[in-house]
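Read through the structure below, which is laid out as structure tokens, and then see the notes.
Values in this text are rule-based calculations from the coordinates and carry no lab data. Remember, it's a predicted structure, so these values are computed and weren't measured experimentally. Positions of Cβ are backbone-derived with ideal geometry, glycine not excepted, and every protein chain shown enters the neighbour counts.
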Amino acid sequence: MNKYRQLFLVLIMILTVTLSNASVQEPSPETFDHDHILNQVIQPYLESLKRGNITVIRQLISGNIYKRYRVLLEENRSYSNFLKKYYRHADFSVRSIQEENGWVSVEVDIRLPNREPYTIGLRIENLCEDALRCAPRWKIVDEMTISN
């Protein structure tokens, strides 16, 4: 009986360590993770603009920005080529990333040849509604020009 008790305690310890490591690796959906937003949302979005990668852009946007560009993204076959040409020599610089009441505000400076630099604002939200059933799904939901 004592052997079974020891084995049971060892299994409980292993299970506890495994579960605690799993919870550390996966941030809760409500958690603002600067590096995740930058590396998994902003940089792929900006790079997709340069490459004209419509598939990735569609995966990274939702809400108002998707509504605004839906026809171009879904129906205009030449939009990918337009993006490639327009942003080919663009220089993007992330100015700021800030949490604002459950969503994230990002400012990006854009420099294009033969054009005045300008700044856009991106609103990024976590679209995961159930923390236990899905991983954080941060998406760009709106875009606005801040300065020309």
Of Ser48, Val106, Leu38, farthest towards positive along the dipole that unit charges on Lys, Arg, Asp, Glu beta carbons give the stretch 31-147: Ser48
Sum of side-chain charges, Asn39 neighbourhood, beta-carbon under 12 Å (Lys, Arg +1; Asp, Glu -1): -3
Amide proton proximity set for Arg137, modelled H, under 5 Å, gap of 5+: Leu127, Cys128
In order through the stretch 58-65: 3J(HN,Hα) via Karplus (6.51 cos²θ - 1.76 cosθ + 1.60), integer Hz, x for Gly, Pro: 4, 6, 9, 10, 7, x, 4, 5
